[in-house]
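Below is one structure, written out as structure tokens; comments come after it.
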Amino acid sequence: MVQESNLEVCGVKTDNLKLPLERHQILHFLRGMQEKCHQFNTWEQSAFWKIMHGQGATGLNDPDGPLKMSAFEADQCCNRTAPFYILRDNRRSRWEELSEPFLTLLHTYIYRRWFRPYRSEIDYGQFLAKFIVNKPITLPDQACLPSKETVDLVIRYNARLCARIIDAQESTKALKKFDEEEQYSHLYGTASHFIDRSTAAIIRDQDFFILQPLFRAIAIAIQEPDFRFDDQEFGSVSVTIIRTGVEDDLSAPINFNTISDDSIKGKLFGPEGTVSAVQTDLDTAVTFLMVLDQREVTAFGARPDPAESMKDLDSGSLAPVQERVASSSSAVSLPIRNTHELFHDSARNCIHLAFDLSEVPGMSYKTDNHLAVWPVNLDDEVERLLCLLGLTNSRSVPLSIKSLDTTIKVPILKPTTPEVLFRHYLEVCAAVSRATIEALVQFAPSHSAKTFLEVLVKDKAKHAAFSQKHYLALGRLLELSVQSQGLQEDGAWKTIPLAFVVETLSALHPRLYSIPSSSVISPKVASVTALVVKTALPGTLNESIHGVASNYLHSASLLANSQAPASQLSHYIPRDSDPRLHVAVRKSAFRPQKL
């Protein structure tokens, strides 16, 4: 069946995408979306000089200043081949007029020269250039380029810039726990408008944001342009290519032998007689950088390694599947920040859990919203059902479930396994109805088991009396049917088709918990309170009904660094519903319509 789906990939809506697609079509589509995001992001970081390099002093536009660089600013300089310093002269006044069109044209020109569809490495913001617009200073006349004063200035700028990048990355890696108020400026600086990654992703991804050796070894200087937009070819803009002297990690020393003498307008020689800078045009400089970049890739391979870094697609960063909201499910894993036991010296448990939302981009809440917790079925019920159906040894065998009726959607990911099916997808802990018991009769493995089930179906009073003493989940019912006759349990009910189990049992669904915490005081921490359900059956000593969700949360709260699958629900409980629905704790997880 071909379905229409409205997905969102890297922030780009994909209306009426036809599904399913062939593997090469999916890869082609995702790559196209990734390239579109990359082009937009690099342009955004290049052309918006007032935000990235404007009036607010940052680690980018004031290399000699005392300010530190944020992790976000440092990442924008990584995986770039070379810095392009736009040197502003305080004697000129046209920059406010020229800045946006000039930077836009500069980025567009370089991007078109560098980018190759479906071939260029673009993950983690890889690009040929990083534009840096400095604060206005007094510069030598352009005719004197390459002047020693300008070259020394750019070398000093680049050394300070690289040192700040390294410092920002090292201090970011050292962060063990994110504190929203104290670390916000450290991570994001003044560039909060561009944030599209979670805090955890920024900290983790520092290994993939690499300060390239060429970035430290080479720099391009463009003096504030006296550019004529009407008739001048942009590739003819005058630039200076500068060797910084930091070439330790390169495959070979840098020289300008690949540039023809006709393209060189001027040279500056270093103390050892080697050429340290040349004045040329933008077209020649871009070609020179691309040749150097290819030389380093041939010698050392791509950095970062595409096979390691492209574990998942994102707009410039690696993010695990659990941090993303997939098109088929809105469930994400939320770390448990802390827990408290509210009952002391009691046989009952009431737990208060605080979930950390800071690792999930875009997730927010309002007080009295509800958190939908996706539970995991109890181990005893899962193991019991696997044993009785004869699936213990084949619990991990992959299987695919498909509906023969194309109008019915099966809410189960493919492929799956019997164990995953019972643990995460089906309500194996829920009590079965008399109608289900009647349907089981046809699969009875023996005459005695058939008689046992028929008594419960035909006699309503006996069924009610039996239910008072035994909780009739599917696995328990099948176990009782064979125990009463002294039969072996392992594989006793292997006559039941797995398809019958899937069709009969309800799908496991999330349980709703009201959020009592304040979204103003703790916007990135959502708390819930749950009474752990363990209800003893009347007339029995050892058998109890365990709430699936509450016991799951209780188990998770006992483990360090736990994570609980949950969904964000932005709605409130309906006004006309039972007012008891506003309490935070369920009375029974088996009856989700009650609290």
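The values are calculated or read from the model by the stated rules, or taken from the named source; none is laboratory data. Everything numeric here is computed off the predicted structure, so don't read it as measured data. All Cβ positions, glycine included, derive from the backbone under ideal geometry; neighbour counts span all protein chains shown.
Just the residues that are part of a loop (DSSP other than H, G, I, E, B) and surrounded by fewer than 21 Cβ atoms within 10 Å (Cβ to Cβ), please, taken from region 366-378.
Residues satisfying the conditions are Lys366, Thr367, Asp368, Asn369, Trp374, Val376, Leu378.
All but one of (1) surrounded by fewer than 14 Cβ atoms within 10 Å (Cβ to Cβ); (2) modelled with pLDDT under 85; (3) not in a strand (DSSP E or B) hold for Ser317, so report the exception by its number.
Result: Ser317 fails condition (1) only.
In region 379-398, which residue that is surrounded by 14 or more Cβ atoms within 10 Å (Cβ to Cβ) and of a type in the set (A, V, I, L, M, F, W, C) is farthest from Ala473 (Cα to Cα)?
Looking at residues that are surrounded by 14 or more Cβ atoms within 10 Å (Cβ to Cβ) and of a type in the set (A, V, I, L, M, F, W, C), I get Leu391.
Quick check on my filter: what residues within region 503-528 are at pLDDT below 85, of a type in the set (Ser, Thr, Tyr) and not in a loop (DSSP other than H, G, I, E, B)?
Tyr513, Ser514
Considering only residues that are farther than 26 Å from Arg204 by Cα, assigned to a helix (DSSP H, G or I) and not polar (S, T, N, Q), which ones fall in region 103-135?
If the condition is that a residue be farther than 26 Å from Arg204 by Cα, assigned to a helix (DSSP H, G or I) and not polar (S, T, N, Q), then Leu103, Leu105, Leu106, His107, Tyr109, Ile110, Tyr111, Arg112, Arg113, Trp114 are the ones that fit.
Restricting attention to region 430-462, and to residues there that are in contact (Cβ under 8 Å) with a residue 12 or more places away in the chain and farther than 28 Å from Asn377 by Cβ, which single residue is surrounded by the fewest Cβ atoms within 10 Å (Cβ to Cβ)?
Once the filter is applied, the top-ranked residue is Lys460.
Check whether at least one residue in region 497-519 is touching a residue at least 24 places away in the same chain (Cβ under 8 Å), of a type in the set (D, E, K, R) and in the same structural domain as Leu399 (by TED's automatic domain parsing), and report yes or no.
yes
Does Thr416 satisfy being farther than 30 Å from Leu357 by Cα and either touching a strand residue (DSSP E or B) at 6+ places or on another chain (Cβ under 8 Å) or not aliphatic (A, V, I, L, M) (or both)?
Working: farther than 30 Å from Leu357 by Cα: no; either touching a strand residue (DSSP E or B) at 6+ places or on another chain (Cβ under 8 Å) or not aliphatic (A, V, I, L, M) (or both): yes.
Here the answer is no, as Thr416 does not meet what is asked.
Which is at pLDDT 85 or above and in the same structural domain as Thr416 (by TED's automatic domain parsing), of Leu342, Leu386, Leu353, Leu357?
Answer to the selection: Leu386.
Can you run down the residue pairs with Cβ atoms below 6 Å, 6 or more apart or on separate chains, where the first is in region 77-91 and at pLDDT below 90 and the partner is in a strand (DSSP E or B) and among the polar types (S, T, N, Q)?
Pairs that qualify, where the first residue is at pLDDT below 90 and the partner is in a strand (DSSP E or B) and among the polar types (S, T, N, Q), are Leu87/Gln223.
Inside region 361-372, can you point out the residues that are of a type outside the set (Gly, Ala, Ser) and within 9 Å of Lys524 (Cβ to Cβ)?
Selection gives Met363 alone.
Collect the residues in region 270-296 that are crowded, with 18+ Cβ neighbours inside 10 Å and hydroxyl-bearing (Ser, Thr, Tyr), keeping them in residue-number order.
Within region 270-296, Ser276, Thr280, Thr284 meet the criteria.
For Arg423, are the conditions met, namely being within 44 Å of the chain's Cα centre (by Cα) and not in a loop (DSSP other than H, G, I, E, B)?
Yes; evaluated as a whole, the condition is true for this residue.
Would you check if Tyr471 is within 30 Å of Glu359 (Cα to Cα), at pLDDT below 85, outside any helix (DSSP H, G or I) and touching a strand residue (DSSP E or B) at 6+ places or on another chain (Cβ under 7 Å)?
no
Considering only residues that are surrounded by 15 or more Cβ atoms within 10 Å (Cβ to Cβ) and at pLDDT below 85, which ones fall in region 137-164?
Of everything in region 137-164, those that are surrounded by 15 or more Cβ atoms within 10 Å (Cβ to Cβ) and at pLDDT below 85 turn out to be Leu139, Pro140, Gln142, Leu145, Pro146.
Which condition number in (1) of a type in the set (Asp, Glu); (2) in contact with a Lys or Arg (Cβ under 6 Å, 6 or more places away or on another chain); (3) more than 22 Å from Thr495 (Cα to Cα) is the one that Glu419 fails?
For Glu419, the failing item is (3).
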